[in-house]
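The values are calculated or read from the model by the stated rules, or taken from the named source; none is laboratory data. Worth saying up front: this structure is predicted, and the values here are computed from it rather than measured. Virtual Cβ from ideal backbone geometry, glycine too; neighbours counted across all protein chains shown.
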Amino acid sequence: MKRTLTPLLWTAIAVLFCISIPEASAQDYWEDDTSYEESTPDASEPEAEPESDPLDEPDAEEILEEYRVDGRRVYLICLFGERDHGIVTEKCRQMERELDRAYGARWVTRLNNPSEAQMQRIQDRVGHDIAAIIVVTHSTPDSDEESGYDVWDCPLGPDEIADIFDEEWVIWNGCFSRGICELADNILPTQCEDGILSSQDDTWREIMRCLERNHGGSHDRNDICEQLWGDDWDEDWEPEN
């Protein structure tokens, strides 16, 4: 009887042991793991509002980049050709004489129709010592140009010239400079309203004096233009067309 009952007894014990393991394991899982309870939303708490769509948010206010005037050199870039009829060349001669008297000839360099590579070399070589770039040219709106403006007798747009001298102030002595200055933060216009710029206009002098007063300090375009034109300067100005 002992030999017969012993295997049966062990079999019964094994069956009972196997049945009890799953029950114990399931009980342990639900008691110890609270992830299910925590992930279930509490009906007493309000549902979180959906995140706002960025497309529905108002545009952030434009922040203009600031530039520091700490150099001594002035580069007078004169762009002219068949369409000019001598206006730009005469204006450049007058400006060069005045700049030489004000700053000394050694610090003033006049460039006639420089190539993109020439301008880039200047920026790379002495960009750290440039006080200002003055561009003298004819410039008119042109929807066929990528920038929206035609710089007469020059393959580059205003934004491309500004991009070459990306750390310097570029004074645009040409027509429609108010709209042109919106193409790059470092372009300073010689007008606070768009239109034709007279060849007798000397706003560039006031801009240079303003940059002198701000030597060593960082300012953005609106700071400089508000010093020049006061309440007449509208930083939210937009072209009519």
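Some observations on this one:
- The single condition among (1) of a type outside the set (A, V, I, L, M, F, W, C); (2) crowded, with 16+ Cβ neighbours inside 10 Å; (3) over 19 Å from Pro158 (Cα atoms) that Gln123 does not satisfy is (3).
- Search result, residues across region 227-241 that are closer than 15 Å to Ile207 by Cβ and surrounded by 13 or more Cβ atoms within 10 Å (Cβ to Cβ): Gln227, Leu228, Trp229, Trp233
- Among residues of region 167-194, those that are among the charged types (D, E, K, R), at pLDDT 95 or above and under 20 Å from Gln118 (Cβ atoms), counted: 1
- Among the conditions (1) without any contact (Cβ under 8 Å) to a residue 12 or more places away in the chain; (2) part of a loop (DSSP other than H, G, I, E, B), Arg83 misses just one, which is (1).
- Test: residue in region 139-158 that is surrounded by 13 or more Cβ atoms within 10 Å (Cβ to Cβ), among the hydrophobic types (A, V, I, L, M, F, W, C) and at pLDDT below 95: no
- Taking every residue in region 94-107 that is more than 14 Å from Val135 (Cα to Cα) and pairing it with any residue that is surrounded by 13 or more Cβ atoms within 10 Å (Cβ to Cβ) and among the hydroxyl-bearing types (Ser, Thr, Tyr), at least 6 positions away or on another chain, yields no pair with a Cβ-Cβ distance below 7 Å.
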